[in-house]
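Chemist: Dropping the structure in here first, questions after.
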Amino acid sequence: MSNSFTPPDIWNFPPFFTLQPNHETRAKQLDQWTQLILKHHSINNIYKMTPSSYIYFSNDSINRKLSNEGIISVVNYLISKGYAEWEDNTNTTLKIYWRSPDSMADELYDWVVNNGFINNVLTVYELHSSEDNINSP
């Protein structure tokens, strides 16, 4: 496990690794899985995930592991919320987006408006490394 990321306390709660039958409870559970995955990836600057070997889908200290059905549910939830997409047609590796593409587009648009760049063509370098971008997310 990474030294810079500590999973939330819920990761040590055995029922977290069992898909909950109640719809509302499952939705909260999937939200918590999503937050764990996104935080782990953003803190460690990780852009890809292989669900079949993702380190946090099992917790040896409590002898629990998320089932294949659970992994599929978490992956489908990530994809449905815009936080992930399959890298290719083999469906083995996901691209992880710490923020949804819509959220990133909104931030980029706000930055363009706030810096007076509407109707201007900017290079990727200018978007990423310009002086106007120093304090931007």
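The values are calculated or read from the model by the stated rules, or taken from the named source; none is laboratory data. Note that this is a predicted model, so its numbers are computed, not measured. Just the protein is used for accessible areas: all its heavy atoms, side chains included, with ligands, DNA and RNA removed. Shrake-Rupley method; radii C 1.70, N 1.55, O 1.52, S 1.80 Å.
Chemist: Name the long-range amide H neighbours of Arg64: under 5 Å, sequence gap of 5 or more, or other chain; modelled H, no Pro or chain starts.
Modeler: Under 5 Å from the amide H of Arg64: Asn59.
Chemist: Can you spot the aspartates and glutamates whose alpha carbon is less than 15 Å from Lys39's alpha carbon? Ignore those fewer than 8 places along the same chain.
Modeler: Cα-Cα hits under 15 Å: Asp9, Asp31.
Chemist: What part of the accessible area of the range 1-126, given as a whole %, is carbon or sulfur when the probe is 1.4 angstrom?
Modeler: 51 percent
Chemist: Please give the per residue accessible area of the chain, computed with a probe of 1.4 Å over protein heavy atoms only, in Å².
Modeler: Using a 1.4 Å probe on heavy atoms only, each residue of the chain averages 67 Å².
Chemist: For the range 46-132, what ratio Rg/Rh do Cα atoms give with a Kirkwood hydrodynamic radius?
Modeler: Across the range 46-132, the Cα-based Rg/Rh ratio is 1.16.
Chemist: In whole Hz and in residue order, list the ³J(HN,Hα) couplings for the range 66-77 that follow from phi through the Karplus curve 6.51 cos²θ - 1.76 cosθ + 1.60, θ = phi - 60°; x for Gly and Pro.
Modeler: Karplus-based 3J(HN,Hα) across the range 66-77 equals 6, 5, 4, 4, x, 4, 4, 5, 5, 4, 4, 5 Hz.
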